[in-house]
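Input: a single structure, listed below in structure tokens.
The values are calculated or read from the model by the stated rules, or taken from the named source; none is laboratory data. Please read these numbers as outputs of a predicted model, since none were measured by experiment. Every residue, glycine as well, gets a Cβ built from its backbone with ideal geometry; the counts of neighbours run over all protein chains shown. What goes into the accessible areas is simple: the full protein's heavy atoms, side chains included, and nothing from ligands, DNA or RNA. Shrake-Rupley method; radii C 1.70, N 1.55, O 1.52, S 1.80 Å.
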Amino acid sequence: MVVKISFLLTPPLLFLAIWFYAPFFIVGLYSFDMININRQIVFTPSLVHYSRVLSWTGAMGIFLRSLYFAGVTVLLCLLIGYPVAYYISFKIKKYKDLFIILFIIPFWVSFLLRTYAMMSILDERSFLNTLLTSLGLIDSPIKIMYTDAAVILVMVYDYLVMMVLPLYANLEKLDKTLLEAASTLGAGPVRTFLKVTLPLSMPGILAGFLLVFIPTVGEFVIPELVGGPNNYMVGNLIYEFFMGARHWWIGSALSMLFIAFILSLVIAYVRKIGERGLAF
Amino acid sequence: MKGTTPFLKIFTILVFLFLYSPIIVMVVFSFNESKSIGVFTNFSFRWYEKVINNPEVWKALFNSFWVGAVVTIVSLVLGLMMAMAVTRYSFSGKSILESLILIPVIIPEIAEALSLLIMYIFLNIPLGPVTVIIGHIAFDVSFVTIVMRARMAGYDKSIEEAARTLGANEFQTFFRITLPTLYPAILAAGLLAFTLSFDDLIKTLFTTGPGFKTLPLIVWSSAARGGVSPELNSLSSFALSISFLFAVFRLRAERRLER
């Protein structure tokens with residue numbers, strides 16, 4: 001049996017070890033100043049790059065901005081996604097599956113194309129702006145491209161599904177007799193929602209939070225396409241250090257800190273709730 | 001909440017409108033005769049002709065397909081091995097192994113892609129199609145394993161035992177019983193693996209060599225360079241129809257799985 005297990009496990013694990021984990025090991029070496037400029041490994045680890053990153057207010061500002069962007073995106077996804085998930089789960093009797101598929105269809109379009117499609121309506125010269133101007137609803141085209149708002153709006157558009165699906169799955173499993181019990185016992189609709197439905201949908205909300213927060217906080221493509229230099233996020237900063245400034249040591253320290261942050265979030269979630277809901 | 005139902009209904013309709021309108025506008029304006037992206041003048045295939053006559057697009061499309069095919073096959077083999085190991089056997093360190101499988105799904109792709117690039121440069125590995133394929137497999141294996149693991153949880157081992165009792169050897173049992181039984185799950189996981197590779201931008205962007213482009217890379221470079229244009233609208237609509245087709249296949253495969 002040991003032979004069988006190792007026969008099955010060795011090829012995939014070896015592959016992951018070499019092409020997924022080893023790169024992070026090398027980045028780790030760079031971050032601790034253990035690779036010099038001639039690409040030789042030196043055994044004199046140092047925290048100098050970490051201290052530079054952590055004491056540099058510019059980097060911290062960009063990190064905080066990423067947290068803020070991702071946080072606002074999660075909140076908007078929740079505010080937009082909860083009513084939709086609630087409506088489909090509680091109010092639609094027939095064709096529930098159809099509604100969910102209709103909701104998912106736009107997300108079949110690849111992430112990059114969805115982002116581009118958003119650009120095609122956010123653009124100053126876009127159909128939306130032309131329409132609103134000719135209807136007299138706005139005086140001049142909305143200049144939203146290359147702002148914080150554009151980055152957040154496109155992130156909401158791209159990641160809404162990651163909030164709605166876990167929420168919907170959660171609401172579907174919710175025992176609806178509890179709601180009847182609450183109203184029989186005299187709770188009004190608002191109270192039933194606040195005291196029964198909302199607390200019971202917390203696992204879905206938390207799963208949605210994580211599934212939206214993680215990819216958005218590390219977003220690179222969206223700020224690059226619809227944001228300006230003033231809307232950069234951590235992903236763009238890491239990119240700038242590796243590709244622009246070619247300072248791999250600082251880039252590595254930034255990467256390691258960022259990955260540690262993401263992993264600690266996930267570990268906290270798994271400890272509290274378990275692995276369920278994460279692997280979609 | 002009875003009184004809130006109309007509000008919820010209108011809200012849901014508005015959200016659906018929000019989801020569909022950018023894609024619809026993009027597709028509609030890809031058929032626009034004029035260069036404008038704001039005023040629709042006349043129906044025309046003008047921009048499609050331009051896209052179709054661009055050899056770079058065909059080359060990129062071809063690259064996307066063959067990279068996707070190789071990535072899918074390798075990811076399926078590796079993912080199937082891993083999923084079989086974790087669903088059929090219990091061994092020490094299994095939970096650590098399962099977290100090691102999950103991590104590639106969680107880490108932001110930009111950090112993963114840049115780290116891989118650093119290693120390629122560190123080891124003097126020349127960049128090109130092979131480095132792109134390796135990069136795609138490195139995260140596809142995890143997705144395939146997770147999908148397969150979920151599908152294999154309820155797998156009935158007794159038919160395999162029956163085959164063995166009837167005299168089939170291990171290989172015969174695997175190829176005649178296990179593989180055909182798992183076929184729907186393999187199909188669903190394979191389509192997912194292909195889609196992930198076909199749509200991937202970030203890994204490809206950082207691990208490709210000079211001259212080797214996939215379809216998302218062309219969309220990316222023209223969107224980053226020139227913003228919205230009618231030609232890019234038609235290229236994107238063209239790419240969209242391909243992703244769409246594969247999504248429909250995947251849905252059908254999953255439906256078959258549920259039955």
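Find the residue count for segment A:238-248, including only residues that are outside any loop (DSSP other than H, G, I, E, B) and either acidic (Asp, Glu) or more than 10 Å from every other protein chain (Cβ to nearest Cβ) (or both).
The initial filter retains those residues of segment A:238-248 that are outside any loop (DSSP other than H, G, I, E, B), namely A:238-244, A:248.
With either acidic (Asp, Glu) or more than 10 Å from every other protein chain (Cβ to nearest Cβ) (or both) added as a condition, the list becomes A:240, A:244.
Selection size over segment A:238-248: 2.
Give just the number: which of (1) open to solvent by less than 100 Å² (accessible area, probe 1.4 Å); (2) part of a helix (DSSP H, G or I) does residue A:45 not satisfy?
So the condition that residue A:45 fails would be (2).
State all residues of segment A:19-39 that are more than 9 Å from chain B (Cβ to nearest Cβ), open to solvent by 40 Å² or more (accessible area, probe 1.4 Å) and under 32 Å from the mean Cα position of the chain (by Cα); if no residue qualifies, say none.
Listed by number, the residues that qualify are A:32, A:33.
Does segment B:81-99 hold any residues that are open to solvent by 20 Å² or more (accessible area, probe 1.4 Å), part of a helix (DSSP H, G or I) and either more than 7 Å from chain A (Cβ to nearest Cβ) or of a type in the set (Val, Ile, Thr) (or both), and which are they?
B:87, B:88, B:94, B:95, B:96, B:98, B:99
Within segment A:174-196, which residues are within 12 Å of chain B (Cβ to nearest Cβ), out of contact with any helix residue (DSSP H, G or I) (no Cβ under 7 Å at 6 or more places or on another chain) and of a type outside the set (Lys, Arg)?
Across segment A:174-196, the qualifying residues are A:188, A:189, A:190, A:193, A:194.
Within segment B:122-157, work out how many residues are touching a helix residue (DSSP H, G or I) at 6+ places or on another chain (Cβ under 9 Å) and in a helix (DSSP H, G or I).
Counting residues in segment B:122-157 that are touching a helix residue (DSSP H, G or I) at 6+ places or on another chain (Cβ under 9 Å) and in a helix (DSSP H, G or I) gives 24.
Of all the residues that make up segment A:68-99, how many are part of a helix (DSSP H, G or I), open to solvent by 20 Å² or more (accessible area, probe 1.4 Å) and not aromatic (Phe, Trp, Tyr)?
Residues meeting the conditions: 12.
Among the residues of segment B:210-220, which ones are under 20 Å from the mean Cα position of the chain (by Cα) and either touching a residue at least 60 places away in the same chain (Cβ under 8 Å) or more than 11 Å from every other protein chain (Cβ to nearest Cβ) (or both)?
B:212, B:213, B:214, B:215, B:216, B:217, B:218 - these are the residues of segment B:210-220 that are under 20 Å from the mean Cα position of the chain (by Cα) and either touching a residue at least 60 places away in the same chain (Cβ under 8 Å) or more than 11 Å from every other protein chain (Cβ to nearest Cβ) (or both).
For segment A:40-84, give me each residue that is farther than 28 Å from residue B:119 by Cβ, of a type in the set (A, V, I, L, M) and under 19 Å from the mean Cα position of the chain (by Cα).
A:64, A:67, A:72, A:74, A:75, A:76, A:78, A:79, A:80
If I go through segment A:111-131 residue by residue, how many of them are assigned to a helix (DSSP H, G or I), out of contact with any helix residue (DSSP H, G or I) (no Cβ under 7 Å at 6 or more places or on another chain) and facing chain B (nearest Cβ under 7 Å)?
Residues in segment A:111-131 being assigned to a helix (DSSP H, G or I), out of contact with any helix residue (DSSP H, G or I) (no Cβ under 7 Å at 6 or more places or on another chain) and facing chain B (nearest Cβ under 7 Å): 2 in total.
On the given criteria, is residue A:126 modelled with pLDDT under 95 and buried (at least 18 other Cβ atoms within 10 Å of the Cβ)?
yes
Answer yes or no: is there a residue in segment B:61-71 that is under 29 Å from residue B:156 (Cα atoms) and either at pLDDT below 90 or surrounded by fewer than 20 Cβ atoms within 10 Å (Cβ to Cβ) (or both).
No, every residue in segment B:61-71 fails to be under 29 Å from residue B:156 (Cα atoms) and either at pLDDT below 90 or surrounded by fewer than 20 Cβ atoms within 10 Å (Cβ to Cβ) (or both).
Do we have residue B:255 as open to solvent by 50 Å² or more (accessible area, probe 1.4 Å) and assigned to a helix (DSSP H, G or I) here? Quick ask: steps written out before the conclusion?
Working: open to solvent by 50 Å² or more (accessible area, probe 1.4 Å): yes; assigned to a helix (DSSP H, G or I): yes.
Spelling it out, residue B:255 is indeed open to solvent by 50 Å² or more (accessible area, probe 1.4 Å) and assigned to a helix (DSSP H, G or I).
Would you mind stating whether residue B:150 is open to solvent by less than 50 Å² (accessible area, probe 1.4 Å) and without any contact (Cβ under 8 Å) to a residue 24 or more places away in the chain? Walk me through it before giving the result.
Numbers: open to solvent by less than 50 Å² (accessible area, probe 1.4 Å): no; without any contact (Cβ under 8 Å) to a residue 24 or more places away in the chain: yes.
So residue B:150 fails the test.
If you go through segment A:70-88 one residue at a time, how many are facing another protein chain (nearest Cβ under 7 Å) and more than 22 Å from residue A:174 (Cβ to Cβ)?
0
Right, residue A:51: surrounded by fewer than 20 Cβ atoms within 10 Å (Cβ to Cβ), over 30 Å from residue B:14 (Cβ atoms) and among the hydroxyl-bearing types (Ser, Thr, Tyr) or not?
yes
Can you list the helices (runs of 4 or more DSSP H) lying wholly within segment A:132-233 that have 2 or more residues being open to solvent by 40 Å² or more (accessible area, probe 1.4 Å) and touching a residue at least 40 places away in the same chain (Cβ under 8 Å)?
A:148-173, A:202-217
Yes or no: segment B:172-195 includes at least one residue that is facing chain A (nearest Cβ under 10 Å), in contact with a Ser or Thr (Cβ under 9 Å, 6 or more places away or on another chain), within 30 Å of residue B:114 (Cβ to Cβ) and modelled with pLDDT under 95. Don't jump to the end; show me each part of the working.
Narrowing segment B:172-195 to residues facing chain A (nearest Cβ under 10 Å): B:195.
Remaining after also requiring in contact with a Ser or Thr (Cβ under 9 Å, 6 or more places away or on another chain): B:195.
Subsequent filtering for residues that are within 30 Å of residue B:114 (Cβ to Cβ) retains B:195.
From what is left, the residues that are modelled with pLDDT under 95 are B:195.
Yes.
Looking only at residues that are within 7 Å of another protein chain (Cβ to nearest Cβ) and either among the small types (Gly, Ala, Ser) or open to solvent by 10 Å² or more (accessible area, probe 1.4 Å) (or both) in segment B:109-125, which one is farthest from the chain's Cα centre (by Cα)? Can you show your working first?
So the first thing to find is which residues in segment B:109-125 are within 7 Å of another protein chain (Cβ to nearest Cβ), and the list is B:110-111, B:114-116, B:118-119, B:122.
Keeping just the survivors that are either among the small types (Gly, Ala, Ser) or open to solvent by 10 Å² or more (accessible area, probe 1.4 Å) (or both) gives B:111, B:115, B:122.
Values: B:111: 19, B:115: 21, B:122: 29 Å.
Per the criteria, the residue is B:122.
Within segment A:21-42, can you find the residues that are part of a loop (DSSP other than H, G, I, E, B) and not polar (S, T, N, Q)?
Narrowing segment A:21-42 to residues part of a loop (DSSP other than H, G, I, E, B): A:32-34, A:36-40, A:42.
Of everything in segment A:21-42, those that are part of a loop (DSSP other than H, G, I, E, B) and not polar (S, T, N, Q) turn out to be A:32, A:33, A:34, A:37, A:39, A:42.
Which condition number does residue A:66 fail, the rest of (1) closer than 16 Å to residue B:122 by Cα; (2) within 11 Å of chain B (Cβ to nearest Cβ) being met?
The single condition residue A:66 does not satisfy is (1).
Looking at (1) within 11 Å of chain A (Cβ to nearest Cβ); (2) at pLDDT below 90; (3) surrounded by 19 or more Cβ atoms within 10 Å (Cβ to Cβ), which is the only condition residue B:237 fails?
Going through the list (1) within 11 Å of chain A (Cβ to nearest Cβ); (2) at pLDDT below 90; (3) surrounded by 19 or more Cβ atoms within 10 Å (Cβ to Cβ), residue B:237 breaks only (2).
Cβ-Cβ under 6 Å, sequence separation 6+ or interchain: first residue in segment B:31-59 and in a loop (DSSP other than H, G, I, E, B), partner surrounded by fewer than 16 Cβ atoms within 10 Å (Cβ to Cβ) and basic (Lys, Arg). Which pairs?
Pairs that qualify, where the first residue is in a loop (DSSP other than H, G, I, E, B) and the partner is surrounded by fewer than 16 Cβ atoms within 10 Å (Cβ to Cβ) and basic (Lys, Arg), are B:37/A:125; B:38/A:125.
Looking only at segment A:264-275, decide whether some residue is crowded, with 22+ Cβ neighbours inside 10 Å, assigned to a helix (DSSP H, G or I) and more than 7 Å from chain B (Cβ to nearest Cβ).
No, segment A:264-275 contains no residue that is crowded, with 22+ Cβ neighbours inside 10 Å, assigned to a helix (DSSP H, G or I) and more than 7 Å from chain B (Cβ to nearest Cβ).
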